[in-house]
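The values are calculated or read from the model by the stated rules, or taken from the named source; none is laboratory data. Source: prediction; values computed, not measured. Quick reminder, even Gly has a Cβ in these numbers, built from the backbone with ideal geometry, and neighbours come from all protein chains shown. Please note that ligands, DNA and RNA were not included when accessible areas were found on the heavy atoms of the full protein model with its side chains. Shrake-Rupley method; radii C 1.70, N 1.55, O 1.52, S 1.80 Å.
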Amino acid sequence: QVQFVESGGGLVQPGGSLRLSCAASGSIFSMNTMGWYRQAPGKQRELVAGITSGGYRNYSDSVKGRFTISRENAKNTVYLQMNSLKSEDTAVYYCNIRWTTVSYWGQGTQVTVSS
């Protein structure tokens, strides 16, 4: 099993910044992909950004140029720096770690962008 500690969500004004962090622990395969997904009310969960243990990154088109994903492999920790936040970024953000056929989810952290 894998456990997560997520932090960094909250309320921010449009144009502001937040940094999410997620530390995973437990039985984790060294070659894995960590990522952030989000789910807004009434919408499906969607990928925001992912990063492999080798450092390859991918982003959804809606956040490219505004969000940056990074990780510390030794700590199985992933970060999401979110800049120039918009109201449409409001959602619950979920941390994910996966390898081969397994996938684990964090409990989620709320991000609200509002004036």
Report summary line: Rounded to whole angstroms and listed largest first, the alpha-carbon spread of the chain along its three principal axes comes to 41, 24, 22
Requested in this report: Step through the residues of region 81-86 one at a time and calculate ³J(HN,Hα) from phi using the Karplus curve (6.51 cos²θ - 1.76 cosθ + 1.60, θ = phi - 60°), rounding each to whole Hz and writing x for Gly and Pro.
Outcome: 8, 10, 10, 6, 5, 10
Query raised in the report: In the chain, carbon and sulfur make up what percent of the accessible area (probe 1.4 Å)?
Result: 49
Query raised in the report: Any idea of the accessible area per residue across the chain, 1.4 Å probe, to the nearest Å²?
Result: 53
Requested in this report: Please calculate the 1.4 Å probe accessible area of MET31, with all protein chains present, and give it to the nearest 10 Å².
Outcome: 130
Query - Charge dipole (debye, nearest 20) of the chain; +1 at Cβ of Lys and Arg, -1 at Cβ of Asp and Glu - result: 120
Requested in this report: Report the net charge of residues surrounding GLY50, where surrounding means a beta-carbon distance below 11 angstrom and charges are Lys +1, Arg +1, Asp -1, Glu -1.
Outcome: +3
Report task. Using 0.36 nm per residue of separation minus the Cα-Cα distance, give me the extension gain between SER60 and GLN3 in nm, one decimal. Result -> 18.0 nm
Report summary line: Taking Lys and Arg as +1 and Asp and Glu as -1, residues besides SER115 with C-beta under 15 Å from its C-beta add up to -1
Report summary line: Simple SL model, points at 7 angstrom along Cα→Cβ for SER27 and THR101; separation in nm is 1.5
Requested in this report: Give a residue-ordered list of calculated ³J(HN,Hα) values for region 33-39 (Karplus: 6.51 cos²θ - 1.76 cosθ + 1.60, θ = phi - 60°; whole Hz; x for Gly, Pro).
Outcome: 10, 10, x, 10, 10, 9, 9
